1. Enumerate the lysines that Lys53 could reach by cross-link, defined here as Cα to Cα under 23 Å, with residues fewer than 8 away along the same chain left out.
2. Determine Rg/Rh for the chain; Rg is computed over alpha-carbon atoms and Rh is the Kirkwood hydrodynamic estimate from the same atoms.
3. Contour minus end-to-end for Ala15 and Tyr3, with contour as 0.36 nm per residue of separation and end-to-end as the Cα-Cα distance?
Amino acid sequence: MTYEMKIREERKEAAREAKEEILINFIKNGVSIPVAADSTGMTTAEIEKIAEKYHVSVKY
């Protein structure tokens, strides 16, 4: 793996982590799954998986 490829992968990972953090904040503030999905571009299944990862209950 080249240095440039490593940097790109690290940036993708950082962006994914930031998106997950935003999603978790949405959920903690009572945003419903459909609204969170529409706002983040994630699927309901992706949101449920991330919420489970962070031990946050979701609202439909």
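1. Cα-Cα hits under 23 Å: Lys12, Lys19, Lys28.
2. Working: Rg = 13.5 Å, Rh = 12.2 Å.
Rg divided by Rh gives 1.10.
3. Values: separation 12, 0.36 × 12 = 4.32 nm, distance 1.84 nm.
Extending this stretch completely gives an extra 2.5 nm.
Each reported figure results from applying straightforward, stated rules to the coordinates on display, with no laboratory input. Here the structure is a predicted model, which means the values were calculated and not measured.
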